[in-house]
Amino acid sequence: MGTRGYLLGKVAQAFLTLLFVLCFNFFLFRVMPGDPAALLLRGTSAFNPENVEQVKKDLGLDKPLPQQFLTYMADTARLNFGESFFLRGKPVNEVIGDKIWPTVLLVGTSTIASIALGLLIGIWSGWRRGSALDYGSLTFTLFVYAMPEFWFGILVLMAFGGGVGPFPAIFPTGGYETPGADLTGLSHATDVLNHMVMPFFVLTVAYLGEYALIMRNSLTDVMADDFVTTARAKGVREKEVLWRHVVPNALLPTWTLTMLSLGFVFGGAITIEYVFSWPGLGWLTVQAIEAKDFALLQALFLIFSAAVIIANFIADITYMYLDPRVRAA
Amino acid sequence: MRPGTIGPTGAGPIPPVEDLEVPAERLLSPRRIVWARRKRAFQRTAKTYRKSKMGMAGLAILVFFVLVALFAPLVADEATMDPTSPATGDAYQPPSSEFWFGTDNLGRSIYAMTVHGSRISLTVGLSATLISMAIGALIGIFAGYYGGWLETGLMRLTDWFLVLPWLALAIVLASLLGRSLSIIILVIGITSWPGTARIVRAQALSVKTRPYVERARALGASNWHLITRHILPNVGPLIFANTILTVAIAILSETTLSFLGLGDPLAVSWGTMLDFAFSAGAATTGQWWWLLPPGLAIVLVVLAFTMCGFALDEILNPKLRER
């Protein structure tokens, strides 16, 4: 019962949040000052009153608000986000569909790498508090935290993509694969990997310190608990105290915070993909900004939000397996 | 990143127990007593703060940048960043004795632009933080003080805003509303308050149940009186520490938005400079002098605000004090 209640509660919570985002998204583009139809046409040669009326009709903006809302919900449920403006009327969901895989590949792998590395460094520096490594990783974290990740990306791009001073230009300056090379199989995979090295490195390093710090603080808290003293008094070896008593308990709060921070990883992906011309959702976002493509922006905003909600939901579900107390309750 | 995901580390010094006794000769009026007590509390905080190396280092950097921003026209000649003026040099020049940080694609002095950019970045950071703090503190205090359905509703809203990917939201808002400094400030302000609201609510909840608040209520104090005279002064210091951390985040947000081309084209901030530089291919052509100054300025200012914020948080945050 406990497990089922917990699960149902979390499903309901995720669903409610998604509903909020949907409503928010709907009103965001309608309550804003200015007419969305006029906004769409502003700055183009087609900007005249008749066209504005026509676009209004096409977008269904002449209908009453409740009806608009129902249409919007039905369209969203069918993943129909309308047509992209700057890509000459290509359906938005097709545009986005093409770009999902590169983002998942880049953000997915670098997130896993930075969480794994970050947690290890956090465990190490929390366990040996006050050591050189601890101070080193704290300084590093503070510094990386203060650095806009795209600036770090630009510097890496300049050093190893463009080549400056003593740095060799060893990696391609951007893109997903060598254009026009028509590679297949293994050589294609190597080509993609070669293009991915720099953005992967930048994203991993940019978020590693944060995870390390969360883990370190959580570990420090747990190490002050009585059961750790008890374990030591029983004569449990230090290594076992760390890995069997301290780390599992310290992982709980870390896990939740880590999952929550995923929302900001997507933010980082926007600028990093732009810097390295990585053809994913992030770069698409920047292109949509430049072209004032609001249909595309709206859909991208929805996708980014949905990704965070799903990440949180997964965190809650996995929490259940990590923390036996939730299951027993 | 937002406040809450990254926290001060290590245990802060334990401040002395608050001295509530007031010498008899000072017993003039209740207001005087309150102010005397607050002055002492402030002095105590300042004394503890001065002992923090991190806090003092951060403060030193901040003072430097504030001075640069205040005296920008004296430090760097504005004419060297006006492309129509003869004071500008050739385009894409590396650092020289005339242009200390080199020139950009229009021959403008990068040194002058960096110096004057400090005004924009600091203004945006501070004003956006004010908005964010006002919203966060208001929601936090109302939720914590009144409780009930109001709290449930407000906190649900806060959680939802925490979940929204702030950069995507800020991008959408900024592109809908247009490119101007005040809009950037507004957008950052209304996307960065949820962390504050949560912290303030927790503190308000704990202050609300303290005996002296209950006593004041029993004496017939109104909600308004309780909030302004008892809750707010107690939550205030925490809001202040949080404010300083939020400034760092606001400056980073401004940088990111401006880099994505959403900044005010007439008010060149460090983020806008990086946008110009990157769009002009400074990275692939190795023009490090164009990329390093604005970037380093951002890192230093954000680092300074973060260090001050951590140092203050360790003194003022009751949760960290106990450790």
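Being over 30 Å from residue A:290 (Cβ atoms), touching a residue at least 24 places away in the same chain (Cβ under 8 Å), of a type outside the set (A, V, I, L, M, F, W, C) and out of contact with any helix residue (DSSP H, G or I) (no Cβ under 6 Å at 6 or more places or on another chain) narrows it down to one of B:195, B:148, B:153, B:144, so name that one.
Result: B:195 is the single residue among B:195, B:148, B:153, B:144 that is over 30 Å from residue A:290 (Cβ atoms), touching a residue at least 24 places away in the same chain (Cβ under 8 Å), of a type outside the set (A, V, I, L, M, F, W, C) and out of contact with any helix residue (DSSP H, G or I) (no Cβ under 6 Å at 6 or more places or on another chain).
Within segment A:172-183, does at least one residue satisfy the condition of being within 28 Å of residue A:119 (Cβ to Cβ) and among the hydroxyl-bearing types (Ser, Thr, Tyr)?
no
Here are some residues: A:186, A:257. Which one is over 30 Å from residue B:94 (Cα atoms) and surrounded by 13 or more Cβ atoms within 10 Å (Cβ to Cβ)?
Values: A:186 fails: surrounded by 13 or more Cβ atoms within 10 Å (Cβ to Cβ).
Only one candidate passes the filter, namely A:257.
Looking only at segment B:125-165, count every residue that is closer than 29 Å to residue B:66 by Cα and surrounded by 24 or more Cβ atoms within 10 Å (Cβ to Cβ) and tell me the total.
Total satisfying the criteria: 6.
Hey, can you tell me all the residues within segment B:175-187 that are modelled with pLDDT of 85 or more, within 22 Å of residue A:282 (Cβ to Cβ) and within 13 Å of chain A (Cβ to nearest Cβ)?
Of everything in segment B:175-187, just one residue is modelled with pLDDT of 85 or more, within 22 Å of residue A:282 (Cβ to Cβ) and within 13 Å of chain A (Cβ to nearest Cβ), namely B:187.
Please state which one of B:124, B:115, B:63 is in a helix (DSSP H, G or I) and without any contact (Cβ under 8 Å) to a residue 40 or more places away in the chain. Reasoning before the result, please.
Working: B:124 fails: without any contact (Cβ under 8 Å) to a residue 40 or more places away in the chain; B:115 fails: without any contact (Cβ under 8 Å) to a residue 40 or more places away in the chain.
After applying the criteria, what remains is B:63.
(1) modelled with pLDDT of 80 or more; (2) exposed (fewer than 15 other Cβ atoms within 10 Å of the Cβ); (3) closer than 30 Å to residue A:144 by Cα: which one isn't true of residue B:48, the others all being true?
For residue B:48, the failing item is (2).
Could you run through segment B:232-259 and say how many residues are closer than 21 Å to residue B:141 by Cα and among the polar types (S, T, N, Q)?
Number satisfying all stated conditions: 4.
Is at least one residue of segment A:224-232 of a type outside the set (Phe, Trp, Tyr), outside any helix (DSSP H, G or I) and touching a residue at least 12 places away in the same chain (Cβ under 8 Å)?
Scanning segment A:224-232 turns up at least one residue that is of a type outside the set (Phe, Trp, Tyr), outside any helix (DSSP H, G or I) and touching a residue at least 12 places away in the same chain (Cβ under 8 Å).
Restricting attention to helices (runs of 4 or more DSSP H) lying wholly within segment B:227-323, give those where 1 or more residues are among the aromatic types (Phe, Trp, Tyr), under 26 Å from residue A:157 (Cβ atoms) and at the interface with chain A (Cβ under 9 Å from one of its Cβ atoms). First the steps, then the outcome.
On the way: elements: B:232-259, B:270-279, B:288-316, B:318-321.
Per the criteria, B:232-259, B:270-279, B:288-316.
For segment B:172-186, indicate whether the set of residues that are buried (at least 24 other Cβ atoms within 10 Å of the Cβ) and under 25 Å from residue A:259 (Cβ atoms) is non-empty.
Yes, segment B:172-186 has at least one match.
Quick check on segment B:271-284. Is at least one of its residues under 19 Å from residue B:252 (Cβ atoms), out of contact with any helix residue (DSSP H, G or I) (no Cβ under 7 Å at 6 or more places or on another chain) and without any contact (Cβ under 8 Å) to a residue 12 or more places away in the chain?
No, segment B:271-284 has no match at all.
Yes/no per residue for (1) more than 9 Å from chain B (Cβ to nearest Cβ); (2) closer than 21 Å to residue A:28 by Cα; (3) modelled with pLDDT of 85 or more:
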{"residue": "A:259", "(1), (2), (3)": "yes, no, no"}
{"residue": "A:268", "(1), (2), (3)": "no, no, no"}
{"residue": "A:276", "(1), (2), (3)": "yes, no, yes"}
{"residue": "A:280", "(1), (2), (3)": "yes, no, yes"}
{"residue": "A:287", "(1), (2), (3)": "yes, yes, yes"}
{"residue": "A:291", "(1), (2), (3)": "yes, yes, no"}
{"residue": "A:298", "(1), (2), (3)": "no, yes, no"}
{"residue": "A:307", "(1), (2), (3)": "no, yes, no"}
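Quick check: anything in segment B:201-208 among the hydroxyl-bearing types (Ser, Thr, Tyr), in a helix (DSSP H, G or I) and crowded, with 20+ Cβ neighbours inside 10 Å?
Within segment B:201-208, not a single residue is among the hydroxyl-bearing types (Ser, Thr, Tyr), in a helix (DSSP H, G or I) and crowded, with 20+ Cβ neighbours inside 10 Å.
Please list, ordered by residue number, the helices (runs of 4 or more DSSP H) wholly in segment A:62-179 having 2 or more residues that are more than 10 Å from chain B (Cβ to nearest Cβ), out of contact with any helix residue (DSSP H, G or I) (no Cβ under 7 Å at 6 or more places or on another chain) and exposed (fewer than 14 other Cβ atoms within 10 Å of the Cβ).
Passing ranges, in order: A:65-77, A:92-127, A:132-146.
I want to confirm something. Restricting to segment A:11-55 and keeping residues that are modelled with pLDDT of 85 or more and more than 12 Å from chain B (Cβ to nearest Cβ), which single residue is surrounded by the fewest Cβ atoms within 10 Å (Cβ to Cβ)?
Per the criteria, the residue is A:12.
The values are calculated or read from the model by the stated rules, or taken from the named source; none is laboratory data. Since we're looking at a predicted model, the values are computed, not measured. Heads up, the Cβs are rebuilt from the backbone with ideal geometry, glycines too, and the neighbour counts pull from every protein chain shown.
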